[in-house]
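**Student:** Quick one: the structure is below, and I'll ask about it shortly.
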Amino acid sequence: MSQQLISRPLSPFNKLWMGQSISFLGSEVTTFALPFMAVILLHSSPQQVGLLNAVQTAPVFFFSLFAGVVLDRVKRRRILMLSDFGRAFLVFCVPILAGLNLLSMGSLYTLGFCIGTLTVFFDVGYQAYLPTIMEREDFISANSQMQSSKTASQVVGPTISGLLVNLVGAPLAMVTDGLSYVASAIAIATIDKHEASQRSKLTKKPTELIREATEGLRFVVANRMLWALVGAAASFNFFAGSIIRVLLMPFALRTLHLNATEVGIALSVGSVGAFLGARLAPRLSKRIGVGKTIVLGSIMSGMSQWVVALASGSPLHGLGMLGFGMLVDGFGALIFGITQSTVRLSLTPEHLQGRVSGAVRLLVWGLLPFGGVVGGYIGTRFGLRTSMEIAAVGASTSTLWVLFSPVRKLQSLKS
């Protein structure tokens with residue numbers, strides 16, 4: 001019965017998945033077009049472009065816990081729809097402001113922060129909503145299907161975005177993203193799965209609100225398995241997803257002497273690895289067990305950072321090492337990410353799904369802006385290669401969190 005739930009074309013999950021697949025592709029346009037506008041149309045400096053990226057991710061740090069409280073108190077489907085419609089409106093503001101000659105870096109900062117805030121509510125809500133529309137044994141397949149769409153959009157998205165920007169200009173190209181949010185909201189609106197009326201009303205007392213907001217954090221810290229999973233993901237994201245990400249472009253261009261096309265090829269190979277990891281995660285977890293799949297993914301992702309950091313020799317040899325490292329990283333990161341998020345959903349009581357999702361998002365993603373600052377500092381202080389090697393050490397040791405925890409003994413979600 002459970003597999004039929006996912007394979008049935010108009011199942012609640014497939015409606016959510018189809019809407020998100022469209023939205024993933026649309027979001028790739030904004031990811032490309034927003035910094036393009038900042039540089040080409042508004043002649044912004046690298047510092048301003050960096051600040052634009054920071055304000056888009058800052059809401060993760062500020063609002064993740066509060067979003068969890070809200071999503072445990074109201075109907076989650078409603079929040080998902082409102083977040084999508086809100087993001088569509090904000091994205092549509094960009095071409096309107098450009099047409100009126102009112103577009104500025106200040107307006108991009110404001111819109112970026114608001115879009116990022118609504119994205120926090122949607123992402124926390126999406127994870128909390130999954131247990132409402134499907135059975136526990138389907139979580140891995142569902143996450144695999146969703147991540148396959150996301151990685152596929154990352155492979156083709158930059159090319160499509162570049163063509164659109166060249167054809168109609170960056171502001172008008174962003175209309176595509178706005179329409180994709182509308183499509184996602186409509187798809188979610190058609191989900192007819194009953195959602196229980198949510199819990200108690202939001203408290204107005206600051207102390208009570210803080211207690212509820214931190215309840216998800218306390219639950220994560222108290223559960224050895226959840227704490228190990230979050231610790232591994234957070235430490236890897238800090239070192240690889242933040243520090244190495246900041247250093248990767250200058251390292252590839254200045255140290256390996258690659259050109260922009262070659263760097264793009266290496267990044268595309270990484271997306272292919274991620275797509276393969278997303279597709280194979282369910283099979284691996286069934287064949288070798290859930291815990292071993294998580295450990296394997298963590299080891300592959302961590303060690304792949306060494307392949308990247310030690311890339312050297314001729315540009316062709318450096319490109320080969322960089323591409324191979326990105327391929328292994330993409331594959332390992334996705335089998336780890338899909339499987340660990342499935343375990344988290346299974347371990348969390350329904351009434352805490354929103355708050356735990358918010359807490360995990362804060363811990364795993366909230367440190368990214370700080371990692372970027374650290375990456376920039378050590379890159380300047382110690383040099384690119386040494387800094388990449390320092391970050392590789394940190395990324396590879398993230399495996400210790402799950403290796404010495406109950407996670408590695410977990411055979412299936414039922415166990």
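The values are calculated or read from the model by the stated rules, or taken from the named source; none is laboratory data. Computed from a prediction, not measured in an experiment: that's the story for all the values here. Glycine also receives a Cβ, built like all others from the backbone with ideal geometry; neighbour counts cover every protein chain displayed.
**Student:** For L209, only one of the following conditions fails: (1) buried (at least 18 other Cβ atoms within 10 Å of the Cβ); (2) part of a helix (DSSP H, G or I). What is its number?
**Tutor:** Evaluating L209 over (1) buried (at least 18 other Cβ atoms within 10 Å of the Cβ); (2) part of a helix (DSSP H, G or I) leaves (1) as the failure.
**Student:** Tell me yes or no: at least one residue of region 154-174 is among the β-branched types (V, I, T), assigned by TED's automatic domain parsing to the domain that holds K15 and either closer than 26 Å to L363 by Cα or within 20 Å of the chain's Cα centre (by Cα) (or both).
**Tutor:** Checked region 154-174: at least one residue is among the β-branched types (V, I, T), assigned by TED's automatic domain parsing to the domain that holds K15 and either closer than 26 Å to L363 by Cα or within 20 Å of the chain's Cα centre (by Cα) (or both).
**Student:** Given the condition modelled with pLDDT of 90 or more and not in a helix (DSSP H, G or I), answer yes or no: does some residue in region 83-100 qualify?
**Tutor:** Yes: one or more hits.
**Student:** Does G358 meet the test of being surrounded by fewer than 23 Cβ atoms within 10 Å (Cβ to Cβ), closer than 19 Å to Q56 by Cα and either touching a residue at least 24 places away in the same chain (Cβ under 8 Å) or among the polar types (S, T, N, Q) (or both)?
**Tutor:** For G358, the condition - surrounded by fewer than 23 Cβ atoms within 10 Å (Cβ to Cβ), closer than 19 Å to Q56 by Cα and either touching a residue at least 24 places away in the same chain (Cβ under 8 Å) or among the polar types (S, T, N, Q) (or both) - is not met.
**Student:** Now, a different point. Determine which member of the set L118, L51 is farther than 19 Å from A173 by Cα, at pLDDT below 90 and buried (at least 17 other Cβ atoms within 10 Å of the Cβ).
**Tutor:** L51
**Student:** Are any residues in region 361-386 among the aliphatic types (A, V, I, L, M) and in contact (Cβ under 8 Å) with a residue 60 or more places away in the chain, and if so, which ones?
**Tutor:** L362, L363, V364, L367, L368, V374, I378, L384
**Student:** Looking at region 252-259, can you tell me whether even one residue there is over 16 Å from the mean Cα position of the chain (by Cα) and of a type in the set (S, T, N, Q)?
**Tutor:** yes
**Student:** Just to check your reading of the model, which residue among L310, L319 is over 26 Å from F24 (Cβ atoms), surrounded by 19 or more Cβ atoms within 10 Å (Cβ to Cβ) and modelled with pLDDT of 90 or more?
**Tutor:** Only one candidate passes the filter, namely L319.
**Student:** Criterion first (more than 18 Å from the chain's Cα centre (by Cα) and under 22 Å from L413 (Cα atoms)) does H317 satisfy it?
**Tutor:** Taking the combined requirement at face value, the residue does not satisfy it.
**Student:** Restricting the search to region 192-224, which residues are in contact with a Lys or Arg (Cβ under 7 Å, 6 or more places away or on another chain) and either on the phi > 0 side of the Ramachandran plot or modelled with pLDDT of 85 or more (or both)?
**Tutor:** The answer is R199, E215, G216.
**Student:** Check off (1) surrounded by fewer than 18 Cβ atoms within 10 Å (Cβ to Cβ); (2) of a type outside the set (G, A, S); (3) under 23 Å from T386 (Cα atoms) for L327 and give me the number that stays unchecked.
**Tutor:** Every listed condition holds for L327 apart from (1).
**Student:** Restricting to region 61-82, and then to whatever is over 20 Å from the mean Cα position of the chain (by Cα), of a type in the set (V, I, T) and part of a helix (DSSP H, G or I), can you tell me which residue is nearest to V175 (Cα to Cα)?
**Tutor:** By that ranking, first place goes to V70.
**Student:** Please specify each residue of region 152-196 satisfying the condition of being within 12 Å of S27 (Cα to Cα) and assigned to a loop (DSSP other than H, G, I, E, B).
**Tutor:** Correct list: M174 only.
**Student:** Follow-up question, since we're still on this one. Hey, can you tell me all the residues within region 287-331 that are within 19 Å of L226 (Cα to Cα) and in a helix (DSSP H, G or I)?
**Tutor:** Within region 287-331, V290, G291, K292, T293, I294, V295, L296, G297, S298, I299 meet the criteria.
**Student:** Being more than 29 Å from W306 (Cα to Cα) and either outside the structural domain of G68 (by TED's automatic domain parsing) or out of contact with any Pro (no Cβ under 7 Å at 6 or more places or on another chain) (or both), is that true of even one residue in region 337-345?
**Tutor:** yes
**Student:** Continuing with the same structure: Kindly establish whether L334 is outside any helix (DSSP H, G or I) and within 30 Å of V70 (Cα to Cα).
**Tutor:** no
**Student:** Kindly indicate whether G26 is assigned by TED's automatic domain parsing to the domain that holds L82, more than 15 Å from V94 (Cβ to Cβ), of a type in the set (G, A, S) and under 18 Å from the mean Cα position of the chain (by Cα).
**Tutor:** no
**Student:** Out of everything in region 341-391 that is in a helix (DSSP H, G or I), of a type in the set (S, T, N, Q) and closer than 21 Å to I140 by Cα, what residue ends up being farthest from the chain's Cα centre (by Cα)?
**Tutor:** Within region 341-391, the match that is farthest from the chain's Cα centre (by Cα) is S346.
**Student:** Could you please give the count of residues in region 70-80 that are in contact with a Ser or Thr (Cβ under 9 Å, 6 or more places away or on another chain) and hydrophobic (A, V, I, L, M, F, W, C)?
**Tutor:** 2
**Student:** Oh, and also: Does any residue in region 387-414 that is outside the structural domain of A252 (by TED's automatic domain parsing) come within less than 7 Å, Cβ to Cβ, of a residue that is of a type in the set (V, I, T) and part of a helix (DSSP H, G or I) six or more places away or on a different chain, and which pairs are these?
**Tutor:** If the second residue must be of a type in the set (V, I, T) and part of a helix (DSSP H, G or I), no pairs are left.
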